[in-house]
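Structure, as structure tokens:
Nothing in this text is a laboratory measurement; each read-out follows from the coordinates by a stated rule. Since the model is a prediction, treat every value here as computed from it, not as a measurement. A quick note on method: Cβ atoms are made from the backbone with ideal geometry, for glycine too, and the neighbour counts reach across all protein chains shown.
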Amino acid sequence: MSQDQRTESAPGGAASEGEREALLQIEGLRTWFHTEEGIAKAVDGVTYTVRKGETLGVVGESGCGKSVTALSVMQLVPTPPGKFEGGRILFRGEDLLEKNLEEMQKIRGNDIAMIFQEPMSALNPVYTVGDQIMETVMLHQGLDKAAARERAIDMLKRVGIPSPEQRVDEYPHQLSGGMRQRVMIAIAMACDPALLIADEPTTALDVTIQAQILNLMRELQEQEGMSMLLITHDLGVVAETAHHVAVMYAGKVVEYSEVNELFARPHHPYTIGLFRSLPDLASEGERLNTIPGIVPSAFNFPSGCRFRTRCPIATERCAAEEPPLVPLEEGAEHTVACHHLKEALEL
Amino acid sequence: MSTERSTPMIEVKDLRKWFPIHAGVLSRRVGEVKAVDGVSFNVGRKETLSIVGESGCGKTTAGRALLRLIEPTGGSALYRSTPDAAPVDLFQLSQEEMRARRDDLQIIFQDPYGSLNPRITVGNAIGEPLAVRGIAEGSELQDRVEELLKLVGLRPEVANRYPHEFSGGQRQRVGIARALALRPKLIVCDEAVSALDVSIQAQVINLLKDLQDEFNLSYIFIAHDLSVVRYISDRVAVMYLGRIVETGETKQIFDDPQHPYTKALLSAIPSPDPSKRSELIPLTGDVPSPINPPAGCHFHTRCAVAEERCRESYPESVDLGAGHSASCHLLS
């Protein structure tokens with residue numbers, strides 16, 4: 001948790017050394033919910049890639065489909081009402097959507113692990129934290145009880161919990177919020193997963209604790225060479241942690257880029273609007289820029305470009321034609337889904 | 001500014017809120033949680049004072065005790081409705097008198113879902129304060145409600161709808177309209193924009209600023225999001241374990257923080273600019289329990305520069321000039 005660690009792990013440096021191999025590729029994923037009120041197209045054609053040893057930050061407002069995409073990867077979406085209507089989720093080249101229940105159970109926990117926003121509700125209150133880590137390694141790695149306990153203590157130590165020999169026998173309610181999130185990370189990391197999905201891992205935490213947890217996650221990622229899919233609404237967290245960023249809006253990725261590039265040169269009117277509504281970047285006394293209106297309902301997305309109803313530069317073409325997610329220029333990594341890139345730059 | 005400062009609208013001195021701890025079969029009082037333990041601050045007219053700190057620092061309790069939504073244990077809160085009015089101590093008023101004073105003193109809550117009754121139309125929710133206080137009724141009440149809805153950027157037709165038909169941002173606008181109904185002078189905004197998405201949050205912040213200009217409102221803005229605080233406040237008070245550790249103008253606090261806790265808190269904010277990664281001042285451990293706060297300076301258990309005297313006595317507030325002060329032994 002040293003300062004050097006933080007600067008060393010600065011994203012951008014690693015990414016510019018050239019393309020790393022893809023670990024998780026989501027292609028045109030559609031996860032819809034069939035409800036009495038109609039079809040909610042929560043995820044409707046999402047494409048992004050998580051590379052080995054890298055963090056992909058997925059940002060967007062509530063209801064944009066960022067969490068449902070992650071749950072789809074883990075196949076934790078309740079079906080019904082959820083249904084995969086198309087696309088592929090390639091993990092090490094194999095489509096997870098074609099796996100059966102048993103195969104998925106082996107992948108979950110072993111290869112892909114997940115941590116959630118609310119550590120209190122994600123932990124079982126009637127088991128000690130040790131039991132909950134031991135369960136994972138006994139189930140997935142076939143360790144016996146004594147070895148599993150050793151492993152649990154070792155994991156608690158690795159996530160920076162003081163006096164782990166004592167803490168291992170404590171219940172979740174005896175721990176603070178930050179400690180609980182450390183326990184969640186310990187459970188998720190216990191089987192050395194190749195991919196860690198973190199869904200708003202620090203949103204419920206105070207900023208000083210958030211800084212500790214983000215540092216811990218960065219450190220563990222570096223040591224283990226693990227990949228991370230970080231879902232958040234906080235652009236600050238993304239800027240400090242991610243190598244690449246996917247910006248989602250209304251069930252789709254509208255912009256994807258390397259993190260420094262995205263923050264320096266956002267192209268999609270939504271991304272630009274989002275950055276401008278941050279109080280951090282506004283000068284004193286200046287009014288905050290806002291994106292007018294509200295996020296459209298997943299039951300009834302606008303035709304064509306889904307952002308057009310809130311977009312200052314939308315034209316008739318935006319209503320008629322859905323813009324594809326395409327590279328800014330030939331071969332560029334930075335992709336944007338907008339018909340009016342030139343006009344957007346003048347915003 | 002200086003005239004406003006000389007006659008603050010509200011002067012809070014030594015505000016305390018201790019919650020008793022009961023234990024055992026007989027529920028004997030075995031101690032207390034000193035949630036707010038001697039907090040003093042002033043709010044001027046048309047001024048925004050932010051109270052910031054981590055969860056459990058007592059910022060919400062301080063806001064609620066000031067409005068007597070929970071009864072304070074001690075201290076005083078001198079309130080002047082106009083600059084020339086004789087000050088009244090809010091904490092000495094009877095329930096009845098306090099209820100009348102709440103026309104001037106309102107609150108907006110964090111959770112726009114929990115703070116509106118799902119069975120009451122938003123029109124009735126907004127009109128209720130006016131009806132209860134007997135200020136308006138019938139068509140006059142309706143007109144007032146419509147006017148308030150327009151004021152917060154909602155269409156007047158929505159008065160007959162129920163809260164579930166609104167998005168989070170719209171519900172927060174309803175909460176603001178309700179708080180404005182009695183033309184208050186001061187609004188306590190308790191994490192009022194924390195639950196909102198970035199783009200919606202910006203809309204509500206702009207609305208709060210516009211309303212402040214239009215009605216000369218004062219705000220006590222209770223928040224943990226420091227970037228919002230920096231943007232909206234005139235002055236900031238930083239709380240740690242029930243006490244204010246540093247207070248000053250927004251610029252002083254953000255550009256020249258003096259207390260080690262303020263410095264650590266500021267450095268922990270993730271900057272939304274990957275090229276300007278903040279230098280983290282590591283703050284280890286969690287906030288200690290307010291049931292049993294550390295002896296001496298409450299912060300010494302997490303402080304990188306703590307000395308022997310920090311473990312022994314609580315530091316006096318040190319005046320750093322121009323309204324800036326901090327409670328740290330190393331400054332004296």
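Positive end of the charge dipole of chain B (Lys, Arg +1 and Asp, Glu -1 on Cβ, about the Cα centre): tell me which of B:P257, B:L93, B:G24 has its Cα farthest that way.
Result: B:G24.
Just rank B:K185, A:K145, B:K59, fewest to most, by other beta-carbon atoms within 10 angstrom. Could the numbers behind the result be given before it?
Values: B:K185 22, A:K145 9, B:K59 28.
Fewest-to-most ranking of B:K185, A:K145, B:K59: A:K145, B:K185, B:K59.
Could you tell me which Cys residues in chain A have no other cysteine's Cβ under 4.7 Å from their own Cβ, answering none if every one has a partner?
A:C64, A:C191, A:C311, A:C338
Please express the shape of segment A:147-220 as an equivalent ellipsoid: the semi-axes are the square roots of 5 times the eigenvalues of the C-alpha gyration tensor, given largest first in whole angstrom. Walk me through the intermediate numbers first.
Details: eigenvalues 73, 49, 20 Å².
With the √(5λ) rule applied to segment A:147-220, the semi-axes are 19, 16, 10 Å.
Express in nm, to one decimal, how much length is gained between B:E214 and B:D111 on full extension, taking 0.36 nm for each residue of separation and deducting their alpha carbon distance.
Stretched fully, the B:E214-B:D111 segment lengthens by 34.6 nm.
In peptide A:233-243, how many Cβ atoms from other protein chains are near each Cβ within 10 Å, on average? Before the final figure, lay out the partial values.
Working: counts 2, 4, 6, 9, 2, 3, 8, 9, 2, 1, 1.
Going residue by residue through A:233-243 and averaging, the value is 4.
Between the alpha-carbon centers of segment B:106-142 and segment A:53-97, tell me the distance in whole angstrom.
So the two Cα centres are separated by 42 Å.
Considering the options A:I213, A:H244, B:F215, tell which one lies farthest towards the positive end of the dipole of the protein assembly as shown, charges being +1 on Lys and Arg and -1 on Asp and Glu at the Cβ, about the Cα centre.
Selected residue: B:F215.
Pairing the Cα long axis of helix A:145-158 with the longest principal axis of chain A, what angle in degrees results, from 0 to 90 and rounded to the nearest 10?
Compared with the principal axis, the helix lies near 50 degrees.
Under a plain spin-label model, where a point goes 7 Å from the Cα along Cα-to-Cβ, how far apart in nm are A:E330 and A:V126?
Distance between label points: 6.6 nm.
Take every Cα-Cα distance within chain A, group them into 10 Å bins from 0 onward, and report for each bin the whole-number percent of pairs it holds.
Bin by bin from 0 Å, the calculated values are 5, 24, 32, 25, 11, 3, 0.
Taking amide H positions as placed 1.01 Å from N in the peptide plane, with prolines and chain starts having none, which residues 5 or more places from A:A42, or on another chain, fall under 5 Å of its amide H?
Long-range HN contacts for A:A42: A:F33.
Mind putting together the pair-distance distribution for segment A:245-347? All Cα pairs, 5 Å bins, whole percent per bin, short to long.
2, 13, 22, 25, 19, 11, 5, 1, 0
Which whole-number percent gives the relative contact order of chain A, counting Cα pairs below 8 Å spaced six or more residues apart? Walk me through the numbers on the way to the answer.
Numbers: 647 pairs, mean separation 72.1, N = 347.
Value for chain A: 21 percent.
In percent, how large is the relative contact order of chain B, given Cα pairs closer than 8 Å and 6 or more residues apart? Intermediate values should be presented prior to the final figure.
Details: 623 pairs, mean separation 62.1, N = 332.
Relative contact order here is 19 percent.
Bin by bin, in steps of 10 Å, what percent of the Cα pairs in segment B:1-155 do you find, going until the bin that has the longest distance?
9, 28, 32, 24, 6, 1
Provide the per-residue ³J(HN,Hα) series for segment B:312-325, in order, calculated from phi with Karplus coefficients 6.51, -1.76, 1.60 and θ = phi - 60°, each as a whole number of Hz, with x at glycine and proline positions.
Per-residue couplings from phi come out as 9, 9, 6, x, 5, 6, 9, 7, 9, x, 6, x, 9, 8 Hz.
How large are Rg and Dmax for chain B when calculated on the C-alpha trace, in angstrom?
Looking at chain B, its Cα Rg and Dmax stand at 20.9, 68 Å.
Label segment B:197-239 by shape, choosing from rounded, prolate and oblate, from the square roots a ≥ b ≥ c of the eigenvalues of the Cα gyration tensor; if a/c is under 1.5 it is rounded, and otherwise prolate applies when a/b is larger than b/c, oblate when it is not. Numbers along the way, then the final one.
Details: a/c = 2.49, a/b = 1.10, b/c = 2.26.
Cα axes put segment B:197-239 in the oblate bin.
Considering segment A:189-318, what Rg and Dmax in Å follow from its alpha-carbon atoms?
17.1, 53
Based on DSSP, what percent of beta bridges with both residues in segment A:15-164 are antiparallel, to the nearest 5? Before the final figure, lay out each step's value.
Details: 20 of 21 bridges.
Antiparallel bridges make up about 95 percent of those DSSP assigns within segment A:15-164.
Quick one: what do you get for segment B:168-278 if you divide its Cα Rg by 2.2 N^0.38 Å?
Numbers: Rg = 15.1 Å, N = 111, 2.2 N^0.38 = 13.2 Å.
Against the empirical 2.2 N^0.38 Å value, I get 1.15 for segment B:168-278.
Which of the aspartates and glutamates could be linked to A:K99 by a straight reach, that is with a Cα gap under 19 Å, when you skip same-chain ones fewer than 8 residues away?
Here the aspartates and glutamates satisfying the reach criterion relative to A:K99 are A:E27, A:E85, A:D111.
Past 19 Å, Cα to Cα: identify those pairs from A:K41/A:K83; B:K59/B:K209; B:K34/B:K251; B:K17/B:K263, in the order given. It would help to have the intermediate numbers written out before the result.
Working: A:K41/A:K83 10 Å; B:K59/B:K209 22 Å; B:K34/B:K251 30 Å; B:K17/B:K263 27 Å.
Listed pairs above 19 Å: B:K59/B:K209; B:K34/B:K251; B:K17/B:K263.
Rounded, prolate or oblate: pick one for segment B:73-226, where a ≥ b ≥ c are the square roots of the eigenvalues of its C-alpha gyration tensor, a/c under 1.5 means rounded, and failing that, prolate if a/b is larger than b/c, else oblate.
Values: a/c = 1.79, a/b = 1.28, b/c = 1.39.
Taking the square roots of the gyration eigenvalues as a ≥ b ≥ c, segment B:73-226 is oblate.
From the backbone phi of segment A:202-216, what are the Karplus-calculated ³J(HN,Hα) couplings (6.51 cos²θ - 1.76 cosθ + 1.60, θ = phi - 60°) in whole Hz, Gly and Pro given as x?
10, 4, 8, 9, 5, 4, 5, 6, 4, 4, 5, 5, 5, 4, 4
Given q = 0.10 Å⁻¹, what are the Debye log10 I(q)/I(0) values for the protein assembly as shown, with equal point scatterers placed on the Cα positions and solvent ignored?
For the protein assembly as shown at q = 0.10 Å⁻¹, log10 I(q)/I(0) is -1.06.
Kindly point out which whole DSSP H helices in chain B project their C-alpha atoms 15 angstrom or further along the helix axis while averaging a Kyte-Doolittle hydropathy of 0.5 or above. Before the final figure, lay out each step's value.
On the way: long enough: B:122-132 (16 Å, 0.99); B:138-151 (20 Å, -0.55); B:168-180 (18 Å, -0.43); B:198-215 (25 Å, 0.23).
Helices meeting the span and hydropathy rule in chain B are B:122-132.
When only alpha-carbon atoms count, how far does segment A:96-210 stretch along each of its three principal axes, as whole angstroms with the largest first?
For segment A:96-210, the Cα spread along each principal axis is 41, 34, 24 Å.
Just from its helices, what would the mean residue ellipticity at 222 nm be for the protein assembly as shown, if runs of 4 or more DSSP H residues each count -39500 (n - 2.57) and the sum is divided by every residue, rounded to the nearest 500 deg cm²/dmol? Before the final figure, lay out the partial values.
Numbers: 25 runs with 224 residues, N = 679.
About -9500 deg cm²/dmol.
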